[in-house]
Every structure is written in structure tokens, then in C-alpha cells.
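Everything on this sheet refers to the single structure shown next.
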Amino acid sequence: MIEIVPSILSADFARLGEQVREAEAGGAERIQIDVMDGHFVPNITMGPLVVEAVRRVTRLPLEAHLMITNPQEYIETFAQAGADIIIVHQEVCPHLHRVIKQIKAAGKRAGVAINPSTPVFMLKDMLSLLDMVLVMTINPGFGGQELIPETLPKIVELRRMLAERHLSCDIEVDGGISEKTAAQVVKAGANLLVAGSSVYNKKESVAQAIERLRRAATS
Ligand code: DX5
């Protein structure tokens, strides 16, 4: 089932609660909170305080996308802040198996993200432990970028790997997901579509933007 996952990075932070409620009312199935530390990615955004605040305004599942170094030091913090799914980057987890176990021990669903240059192959032996793989379709750090076409074959390959192993792990994509690209990523095998600037595009209501994206994704 295709899910639309608004990323609050592109929301109006002066009225974040309203923007989250608009996404929920507009039919979003999850909310993604983009945590950045200025080390792993060249931007600094938000932390556990924002997860706590968003937790108070919606019942939707919250994804904490940790674009940070040493994420293993913050699993419990984000779990206690109210994240339901915690996503760490393969590129900063030399002991990824241990971090996945840590997320599950905290009672949360575990996701691993890979950047455009990281082969899907790197996750081959962890797939059976994961609730989700996040295939970044841009270089993480900022919203409003164009989808990198070279990432599409990665989605196809990952979906094939999961099918071969009869695994029901979700494939999430993030970056440049819009009306233009939604059908391509779904055809490639993605079922969770993260969208920031196309949902909070300031030209129409959040509900209209989500509806348009969903229609494009299922067309
Ligand atoms: C960027 C974030 C993405 C971003 C997506 O590093 O991880 O979630 O908000 O933004 P758009 O949908 O505008 O590409």
C-alpha cells in the first residue's frame, strides 16, 4: 500500500503544529522529522524537542530520520521523544547490526537509509531485520532538490532482493518526490513516499498537495 509521508523540513516552522495537523487531515499516513547535525550532512535542523512537540499534535506514526553521526548515542532519546520508526544511515554505522538491535530493544521499528552513492548490496545481510529501507533519491541535507535518476535502479534491485527473500520490508524514497516523479518510484518498487517541498509547496493546501501526489503515485 502506497503511503504519503510529509517531511516537515519544508513546513512553516512558525506554525508547525498547524502544518502537521493539515498533513494528518490531508490523509498523510506518517510524518517524517528530518534530524540533521551539520556533520553527516551540511545542514543543522531539528532534534528530539521537535519530535516531542510533533508527538503532542498528531497520532500519526512519526519517523525520526537521523542524518547525524553516532546515531547509536541518540536512539533512546528519540524513542522517548515519541518516534515510532528510527532511521539511521548505513554510512555512519560500522556496527549497523548492533544499532538495529538497539532500535528494536527500544520498542521501535528500525529503518536504514542509504545515500545515492551507497549500493543496496551493503544492506544485503540486514534486510531480514529491517522494517524499512530508505533509498535517498537526493543527497541529504536540503529540501527542494531534483530526484537523482541513477537512484531508480537501486529501488528496482532492492525490491528484487526483498522478493527473492520473501521479505515484506517497506521501501521508502526521499528527495525530489513530486507529481513528476511519484509514478516512477512506485513503478520501481517504492511504497513509502517522503515529500517535503511538494507537500508544503505554499501554492495550494497541504491536503490538495497530498491528494495530487497520491493520484500521481497510483496513476
Ligand atoms: C533532505 C530530507 C528530505 C527532504 C525532502 O535531506 O531528508 O526528507 O525534506 O525534501 P523534498 O521532498 O523537497 O525533496
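The values are calculated or read from the model by the stated rules, or taken from the named source; none is laboratory data. As the structure is a prediction and not an experimental result, all values here were calculated from the model. All Cβ positions, glycine included, derive from the backbone under ideal geometry; neighbour counts span all protein chains shown. The accessibility values were calculated without ligands, DNA or RNA, using every heavy atom of the protein model including side chains. Shrake-Rupley method; radii C 1.70, N 1.55, O 1.52, S 1.80 Å.
Size descriptors for the stretch 83-219, from the alpha-carbon set: Rg then Dmax equal 15.0, 44 Å. Summary: within the chain, the longest segment free of trypsin sites (Lys or Arg not before Pro) located in DSSP loops with at most 16 other C-beta atoms within 10 Å is 60-164. The label point for His95 and the one for Gln145, both projected 7 Å from the Cα toward the Cβ, are 3.0 nm apart. Residues considered: Ala83, Ala190, Ala105. Largest GNM mean-square fluctuation over the chain, using C-alpha springs under 10 Å, is found at Ala105. Note: relative contact order over the chain, using C-alpha pairs below 8 Å and six or more positions apart, is 21 percent.
I'd like to check one number: the per residue accessible area of the stretch 69-131, probe 1.4 Å, reported in Å² as a whole number.
Dividing the accessible area of the stretch 69-131 by its residue count gives 45 Å².
Helical content of the chain, expressed as a calculated mean residue ellipticity at 222 nm, amounts to -9000 deg cm²/dmol (DSSP H runs of 4 or more residues, -39,500 (n - 2.57) each, divided by residue number, nearest 500). Along the Cα-to-C-beta direction of Ala105, a point sits 7 Å from the Cα; which residues of the stretch 56-73 have their amide N less than 14 Å from that point? Residues passing the 14 Å test: 72-73. Multiplying the residue separation of Ala25 and Lys180 by 0.36 nm and subtracting their alpha-carbon distance yields 53.4 nm.
Return the percentage of antiparallel bridges among DSSP beta bridges fully within the stretch 1-132, rounded to the nearest 5 %.
Once the DSSP bridges in the stretch 1-132 are tallied, antiparallel ones form about 5 percent.
Electrostatic tally near Val173: other residues with Cβ closer than 12 Å to its Cβ, Lys and Arg +1, Asp and Glu -1, net -1.
Expressed as a whole percent, the accessible surface of the chain that belongs to carbon and sulfur atoms is 53, based on a 1.4 Å probe. Placing R0 at 45 angstrom, the Cβ-Cβ distance between Thr69 and Lys187 gives a FRET efficiency of 0.85 after rounding to 0.05.
In this structure, the residue pairs whose Cα-Cα separation is over 26 Å, taken from Lys104/Lys202; Lys180/Lys202; Lys154/Lys180; Lys154/Lys202; Lys101/Lys124; Lys101/Lys180, are Lys104/Lys202; Lys154/Lys202; Lys101/Lys180. The label-point distance for Val156 and Arg215, in a model that sets each label 7 Å from Cα toward Cβ, rounds to 2.9 nm. Residue separation of Ala14 and Glu52 scaled by 0.36 nm, minus their Cα-Cα distance, works out to 12.1 nm of gained length.
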